[in-house]
Amino acid sequence: MSVVPNIWEILSLACKILMYFGAASIVGGSLCLSLYNDGSRRTALSNIQYITVGAFLGFQGVLLNFLLQVGMVMGAGITGMFNWSMVLVFLDTQLGDTTFFRLAGFILVFLSGLFYFRRISMMVRPPTQDFYRLLNTINLLAFLLIVFSFRFYGHVSVLSPISKLAIALHFIAFSAWIGSLYPLFRLTHVEDVELVHRLMKKFGDNAITIVVVLIVSGVLMLFELFHSFNDIFTTAYGITLLTKLLFVIGIFTIAAINKFKLTPAIRSEKDALTMRYSIAWEGFFAVLILIITSYFSTIVGPVSNDM
């Protein structure tokens with residue numbers, strides 16, 4: 001596959017971004033719904049809305065990507081995407097299996113999100129944490145369907161079991177961190193500054209585990225995806241990965257500043273505002289990482305299995 005994308009590949013890349021965002025919103029939104037919220041109805045509805053919208057966008061991305069693959073094979077423009085005979089053929093392939101599991105996961109989250117959003121809106125009092133147990137269980141199972149789908153299609157399908165596990169853990173940790181940023185950004189608007197400080201500290205402490213998983217799984221992936229150390233500097237995939245690494249270092253730096261400097265200093269609304277701006281920058285780097293990840297998994301392809 002060419003490093004310079006054509007229009008089909010650009011659209012496929014956009015679909016991949018939507019899928020990643022949808023998955024991240026499920027994990028991050030569910031985590032914040034369970035562990036990092038002020039217990040208010042407004043925050044609960046905001047988190048559920050975030051999860052539901054993410055699932056909707058993820059569904060659209062997966063479905064459109066499937067049709068794009070059909071269209072690329074047909075070579076007949078947009079009309080080729082809807083060639084029913086070819087659609088049926090693709091449904092019986094690994095791409096069809098991947099699409100099925102991802103769509104099932106996003107549909108499950110979307111429907112449960114709509115149900116719980118309506119139910120909470122009609123309640124007289126804000127629900128307790130136990131109320132979200134079933135919703136979070138549904139979201140977890142749905143997300144695992146999405147994770148499971150990676151084993152069927154693309155360069156992941158030909159990797160060793162250890163590498164598949166590393167990629168799954170990397171994807172889970174990435175989704176948990178990136179997906180939590182928007183709910184945490186919203187949390188800084190809460191008037192109870194002490195609560196904001198306590199929840200930010202809690203997230204920072206738990207995020208250490210996420211960072212460790214990201215680093216360990218990332219190193220394991222490097223050993224599998226590159227034939228030699230030189231490939232990192234001499235191939236398009238390696239150079240793209242190095243670019244991603246620069247942004248990863250950037251987001252790690254911001255996260256460290258948040259944990260060790262800004263969070264301990266939260267004592268007023270002004271301090272919370274500073275944290276809000278910092279989370280916004282963290283989100284900006286997260287978007288760049290998301291785009292680059294989608295680029296080299298869609299356009300470039302790894303050294304060991306050029307796509």
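Structure notes:
- Qualifying position, being without any contact (Cβ under 8 Å) to a residue 60 or more places away in the chain, buried (at least 17 other Cβ atoms within 10 Å of the Cβ) and over 26 Å from the mean Cα position of the chain (by Cα), among Met81, Met122: Met81
- Region 157-189, residues that are assigned to a loop (DSSP other than H, G, I, E, B), buried (at least 18 other Cβ atoms within 10 Å of the Cβ) and of a type outside the set (Ser, Thr, Tyr): Leu159
- Among the residues of region 34-51, the one identified as closer than 14 Å to Ala23 by Cβ and either of a type in the set (Phe, Trp, Tyr) or surrounded by fewer than 22 Cβ atoms within 10 Å (Cβ to Cβ) (or both) is Tyr50.
- Residues located in region 128-149, provided they are crowded, with 19+ Cβ neighbours inside 10 Å and either modelled with pLDDT under 85 or under 13 Å from the mean Cα position of the chain (by Cα) (or both): Phe143, Ile146, Val147
- Where Val124 falls short, out of the listed (1) out of contact with any helix residue (DSSP H, G or I) (no Cβ under 8 Å at 6 or more places or on another chain); (2) part of a helix (DSSP H, G or I); (3) not small (Gly, Ala, Ser): (2)
- When the criteria are applied in full, Lys201 fails the requirement of being touching a Gly at 6+ places or on another chain (Cβ under 7 Å) and either over 23 Å from Ser12 (Cα atoms) or at pLDDT 85 or above (or both).
- Filter result for Leu11 (more than 14 Å from the chain's Cα centre (by Cα), buried (at least 16 other Cβ atoms within 10 Å of the Cβ) and not small (Gly, Ala, Ser)): yes
The values are calculated or read from the model by the stated rules, or taken from the named source; none is laboratory data. Owing to the predicted nature of the structure, the values given are computational and were not obtained by experimental measurement. Every residue, glycine among them, receives a Cβ derived from its backbone with ideal geometry; neighbour counts consider all protein chains shown.
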